[in-house]
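**Student:** The following block contains the structure, expressed as structure tokens.
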Amino acid sequence: MWHLLGGSFFPVIAVFIPMKTLLITVGAITAVFVTWEIVRLTYPRVNQWMVSYLGVILKTKEASRPTGTSYLLLASLIAFLSFEKYVAISCLLFLSVGDAMATIIGEKYGRRRLFNKSLEGSLACLLVCLLIGVIMVVGGRVMLLPVAVVGAVTATMAELLPFPVDDNLTIPIFSGGAMTLTDFILARL
């Protein structure tokens, strides 16, 4: 739920507030959070305290490395700085909703393993990302269907493939980059 709600917060408010306000907000929150992570990981006693009090919302592996939230915040800042507004919104929703569905469906129904993930979870991610893309195309008329499809497929590949970097960073950056490149190519045809 944290991933779904927390990750959807900035893309949703981006629709309603000016980009300058959004960038200041995302930048400030990211700076505070990343600073806290550096302090926590530098000082074992601070980290112990955090794990003991906030362990219920942390994954086991996050006790000794940056949290997924750090990567999500960094990805949000990079996406809004690097991509057109609705590309950034889409790729961040691919992460927050698509990746969450991959986890939920994969844990409940996942039987076939591929790259240490479940094929069923990745297919759920793809379907949700395609749905988000179609909503952006039809509902907002802010991008072309091929751009949305390329973004959804790229987000799913970033979720599935075993990159050494957290997928909270790779999903939006790769899918946003792929959508931007596809839009650029289509504009030149």
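The values are calculated or read from the model by the stated rules, or taken from the named source; none is laboratory data. None of the values given here were measured: they were computed from a predicted structure. All Cβ positions, even for glycine, are placed from backbone atoms using ideal geometry, and neighbour counts span all protein chains on display.
**Student:** Tell me whether the range 26-41 contains one or more residues that are within 17 Å of the chain's Cα centre (by Cα), of a type in the set (Gly, Ala, Ser), assigned to a helix (DSSP H, G or I) and at pLDDT 95 or above.
**Tutor:** Yes.
**Student:** For the range 136-158, give me the residue count where each residue is modelled with pLDDT of 95 or more and farther than 20 Å from Phe184 by Cβ.
**Tutor:** 1
**Student:** Now for a different question. Examine the range 55-70 for a residue that is within 22 Å of Ala148 (Cα to Cα), out of contact with any strand residue (DSSP E or B) (no Cβ under 8 Å at 6 or more places or on another chain) and touching a residue at least 60 places away in the same chain (Cβ under 8 Å), and state whether such a residue exists.
**Tutor:** In the first step, residues of the range 55-70 are kept if they are within 22 Å of Ala148 (Cα to Cα); the result is none.
Among the residues of the range 55-70, not one is within 22 Å of Ala148 (Cα to Cα), out of contact with any strand residue (DSSP E or B) (no Cβ under 8 Å at 6 or more places or on another chain) and touching a residue at least 60 places away in the same chain (Cβ under 8 Å), which makes the answer no.
**Student:** Separate question: Give just the number: which of (1) buried (at least 17 other Cβ atoms within 10 Å of the Cβ); (2) under 16 Å from the mean Cα position of the chain (by Cα) does Val153 not satisfy?
**Tutor:** Val153 satisfies every listed condition except (1).
**Student:** So which of Thr170, Thr182, Thr156 is in contact with a Pro (Cβ under 8 Å, 6 or more places away or on another chain) and not aromatic (Phe, Trp, Tyr)?
**Tutor:** Values: Thr170 fails: in contact with a Pro (Cβ under 8 Å, 6 or more places away or on another chain); Thr156 fails: in contact with a Pro (Cβ under 8 Å, 6 or more places away or on another chain).
Unique residue meeting the criteria: Thr182.
**Student:** Could you tell me which of the residues Leu123, Leu181, Leu93, Leu130 is within 29 Å of Val32 (Cα to Cα) and at pLDDT 95 or above?
**Tutor:** Leu93
**Student:** Got a sec? Which of Val56, Val51 is modelled with pLDDT under 85, touching a helix residue (DSSP H, G or I) at 6+ places or on another chain (Cβ under 9 Å) and in a helix (DSSP H, G or I)?
**Tutor:** Sole residue among the options that is modelled with pLDDT under 85, touching a helix residue (DSSP H, G or I) at 6+ places or on another chain (Cβ under 9 Å) and in a helix (DSSP H, G or I): Val51.
**Student:** Applying the selection to the range 92-126, what residues are buried (at least 20 other Cβ atoms within 10 Å of the Cβ), among the hydroxyl-bearing types (Ser, Thr, Tyr) and in a helix (DSSP H, G or I)?
**Tutor:** Hits for the range 92-126 are Ser96, Ser122.
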